[in-house]
Amino acid sequence: MVAELDRTLGITAALDAQIGPVKERDRGLSGGEFALAMAAVQLTGEDHLVGFDRLRADVVGEGLLPAPVPPSTTAATLAARFDQPRREGVERASAQVTGRALAALPVGERARILAGRVTIDLDAKDIEVYSLRKEQVIRSYKGEIAGRVHAAHWAEAQVLLVGDLFDGRSDGRTVSLDQVDRAVEAVRAAGASGQVLFQGDSGYYSHKVAEKIVACEGLFRLAVPRTAPLWRAVTRVHDDDWIDAVDYDGAQVALIDYVPPGWPEGTRVVVRRVRYDVEEISADARSRRARTVGKDQLALALGGELDEVFAYSFFATNEELDLEEEITQAEWEFRRRTRIEELFRDTAYGAGLNHLPSGSHAVNSLWMWGALLAYNLMGL
C-alpha cells in the first residue's frame, strides 16, 4: 500500500523537497525515504525502534517498500537529525500529498471538501512514559510522567495537519498560537478555499487563541470553563428561549447574555443543558457529570429536595447565530467533534503513538510524525 501510494502521489519526492538534506553526503536513504519508512514500520504494527530490525528481517515484506529499511541504530541516528524545521517540512509535504489525493476524488466530493467550510479540531494527548531521563517529559497534572502531543486535524478530509510533541504540562492555549497559522497554511496548500473554523475544548479557551483565529479570518468554537459568571447568566435564560437540541433527547440549547471579557468583537456563548434524574448523579466530587451541575442545584438534589437536575456545557463562538436552526446546528457540530479523538486512538492502536521509544526528544518527535503519517496514509 505504501509503495503504491508513493508511486501515485509522489510522497517521497514531496517529503524530500520540504525536508531538505539530513546528511552531509548524498548516499543511502534520503530524508523523505526515511520518514516514509518510519510510517511503514508503524503500519506493520511495530511500536518501538526495534521494529526496523524486524521489518528488515522480513525479506519479502521489505522488498515491497519504496526504499530499504535501515537498522534500528541507524534509524535513531537519522531521526535525531530531524529538527523542528525538518519536522515542519514533513508537515508541509503531507499537506501537498493530501491535495494530490483530494484532486483525484469525484468532482462532487472534491468540491464539498475543498470549497466548503474547513473544520479544524485542536486537541492534545498525553503519552505516558516511565523515566524522567527522557528529554522533555515531565509529570502531568494527573501525576503521570508524560509527553504531550498537540495536534490539529482537518475533519472533512480526515487528515492530520499539524503535530508537535511537548512535555506533559504544555498548555494548548500557548502551543496553538503557532499551530493555528500552520494549520491554515496546510489546508491552503492542499487546495481548500473555504472559510476555516477552529474547534477546541476548554484547554484552548483563551482570548489570545480566539484573536489569532480571527486574525487568520477564521471562526472559532472553544469550550468555556464553568465559572460563576456563566452560572449567573444561565439563570437569566427565560424558559421560552431554550431550544431542543439536535439528536440529543432531553437536551436543550440557548444563547446567553455573557461575553468573555477581552474577547474579539462578535463573541457570544452557547449553552447546552441536559436533564438527568437525581439517581444518575454521583455524590463523588470527582464525578465528571456532577461537575457539570451548578453547586446549589447539586446540593439540593443530593439533599433529596429535587428529583431532577440539569447539567450544563458552554462554548464561545464568533459565528453569526441569528436563527434557532443556526444555534442548534452549531451546538450539534461542536458536540460531534470526535474525529481528532479517533486520530489519537488510531495512532495509538494502529501505529506506535502509545510509546515514546527514545531518550531523545528529536527521535521521539519524528516517531510521533511517523505515527501521524501512518494515520494520513490510512486515510488516503
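Tabulated results
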read-out: All positions within region 147-172 that are under 29 Å from A115 (Cβ atoms) and assigned to a helix (DSSP H, G or I); value: none
read-out: Every pair of residues 6+ apart whose Cβ atoms lie under 9 Å, when the first sits in region 316-335 and is of a type in the set (D, E) while the second is assigned to a helix (DSSP H, G or I); value: E319/E326; E319/A330; E320/E326
read-out: Candidate set: region 47-56, residues that are of a type outside the set (K, R) and within 18 Å of A3 (Cα to Cα); chosen: the one modelled with the highest pLDDT; value: F52
read-out: Filtered residues of region 70-83 (kept if free of Cβ contacts under 8 Å to residues at least 24 places away in the same chain and either assigned to a helix (DSSP H, G or I) or of a type in the set (S, T, Y) (or both)); value: S72, T73, T74, T77
read-out: Residues (hydrophobic (A, V, I, L, M, F, W, C), surrounded by 14 or more Cβ atoms within 10 Å (Cβ to Cβ) and in a helix (DSSP H, G or I)) located in region 45-67; value: F52, L55
read-out: Filter result (in a helix (DSSP H, G or I), within 24 Å of F220 (Cα to Cα) and hydroxyl-bearing (S, T, Y)) within region 84-131; value: T98
read-out: Scan of region 219-238 for residues that are over 22 Å from G116 (Cβ atoms), in contact with a strand residue (DSSP E or B) (Cβ under 7 Å, 6 or more places away or on another chain) and not in a loop (DSSP other than H, G, I, E, B), ordered by number; value: A223, L230, A233, V234
read-out: Among residues of region 173-202, those that are assigned to a helix (DSSP H, G or I) and not acidic (D, E), counted; value: 15
read-out: Residue selected from region 318-348 under the condition polar (S, T, N, Q) and under 16 Å from V246 (Cβ atoms), by the criterion surrounded by the fewest Cβ atoms within 10 Å (Cβ to Cβ); value: T338
read-out: Pick from region 239-255, criterion without any contact (Cβ under 8 Å) to a residue 60 or more places away in the chain and part of a strand (DSSP E or B), ranking: nearest to T317 (Cα to Cα); value: Q252
read-out: Hey, P70 more than 26 Å from A151 (Cβ to Cβ) and crowded, with 17+ Cβ neighbours inside 10 Å or not; value: yes
read-out: Verdict on G32 being at pLDDT below 90, out of contact with any strand residue (DSSP E or B) (no Cβ under 9 Å at 6 or more places or on another chain) and either in the same structural domain as A151 (by TED's automatic domain parsing) or in a helix (DSSP H, G or I) (or both); value: no
read-out: R139 vs. criteria surrounded by fewer than 20 Cβ atoms within 10 Å (Cβ to Cβ) and farther than 23 Å from F314 by Cα; value: yes
read-out: Filter result (within 21 Å of the chain's Cα centre (by Cα) and surrounded by fewer than 21 Cβ atoms within 10 Å (Cβ to Cβ)) within region 120-135; value: K125, D126, E128, V129
read-out: Residue within region 203-218 that is more than 29 Å from E109 (Cα to Cα) and in a loop (DSSP other than H, G, I, E, B) present; value: yes
read-out: Whichever residue in region 349-363 is in contact with a His (Cβ under 9 Å, 6 or more places away or on another chain) and more than 27 Å from G10 (Cβ to Cβ) and, among such residues, is surrounded by the most Cβ atoms within 10 Å (Cβ to Cβ); value: P357
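Okay, residues lined up against (1) of a type in the set (K, R); (2) more than 27 Å from H207 (Cα to Cα):
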position: E128; (1), (2): no, yes
position: K134; (1), (2): yes, yes
position: I145; (1), (2): no, yes
position: G172; (1), (2): no, no
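The values are calculated or read from the model by the stated rules, or taken from the named source; none is laboratory data. This one's a predicted model, so the numbers in the text were calculated from it and none came from an experiment. Note that each Cβ is placed from the backbone with ideal geometry, even for glycine, and that neighbours are counted across all protein chains shown.
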